[in-house]
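The values are calculated or read from the model by the stated rules, or taken from the named source; none is laboratory data. As the structure is a computational prediction, the values presented were derived from the model and not from experiment. Here the Cβ is made from the backbone with ideal geometry for all residues, glycine too, and neighbour counts use every protein chain on show. Just so you know, the surface numbers come from the protein's heavy atoms only, side chains and all, with ligands and any DNA or RNA stripped out. Shrake-Rupley method; radii C 1.70, N 1.55, O 1.52, S 1.80 Å.
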Amino acid sequence: MTQDPMLNLLSATAQGDKAAFAELYQASSKQLYAVSLKMLKRKELAEEALQEAYVRIWHNAAQYRAGKGTVLTWMISIVRYRALDILRYHAVRKEEDLSDNDGGTQLTSEPMTETQQGLLEKCMAALEVQQRQAIHLAYFNGMSHHEVTAHLDLPLGTVKSWIRRGLQSLQRCLKL
């Protein structure tokens, strides 16, 4: 079995070697940018996701585990998560900007009526505190599950369970 050529660069990056990180960037940035651009479809968003991904790669290089895939695969997953975070963030912002700006924007979803908004608030208030907080962070603040776990300092499985059960409760409540 041949060794991943980027493994030495990532290992050196984990030790704070800036030259190795620059070399890692040169070796991988085109592939990572292509993934980001394919997902986000806009150059400026793809560049933003790529920049944020490399910051995470720098800070988390020591967390890479060889048994879970190649260095490039690990880096691609970081870019994908950042791109998904950006997509989620912009979807949330689009819902917040439902007001008609100069009549020029055609929106894909209808704004909620006051009755619907009131029902949603009532159903959110009926959730357990932990579920409500996790859902608010993930869907209203646009955080990824990993960011929610870091923010709440809890295991990923716990946060995912709270969100899943909370969304199921919301769905039942909203159908009444």
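Take the alpha carbon atoms of the range 22-55, find their center, do the same for the range 118-165, and report the distance between the two centers in whole angstrom.
A separation of 29 Å, based on Cα centres.
What ³J(HN,Hα) values, in whole Hz, does the Karplus curve 6.51 cos²θ - 1.76 cosθ + 1.60 give for the range 56-63 when θ = phi - 60°, with x put for Gly and Pro?
Here the 3J(HN,Hα) series is 5, 4, 4, 6, 10, 4, 6, 7 Hz.
Is there a quick way to get the dipole size of the chain? I mean about its Cα centre, with the Cβ of Lys and Arg at +1 and of Asp and Glu at -1; what is the value in debye to the nearest 20?
That gives a dipole near 720 debye.
What number comes out for accessible area per residue over the chain if the probe is 1.4 Å? Units Å², please.
Heavy-atom accessible area per residue stands at 66 Å².
Quick one: among Glu44, Glu114, Glu23, which has the greatest mean-square fluctuation in a GNM of the chain with alpha-carbon springs under 10 angstrom?
With Cα springs under 10 Å in the chain, the top fluctuation among Glu44, Glu114, Glu23 is at Glu114.
For the chain, set up a Gaussian network in which alpha carbons nearer than 10 Å are linked by springs, and say which option among Lys30, Lys68, Lys38 fluctuates the most.
Lys68
Among the lysines, which fall within straight-line cross-link reach of Lys160, defined as a Cα-Cα distance under 26 Å, with same-chain neighbours fewer than 8 residues apart omitted?
Lys68, Lys94, Lys122, Lys175
Provide the solvent-accessible area of His59, counting protein heavy atoms only and rolling a 1.4 Å probe, rounded to the nearest 10 Å².
130
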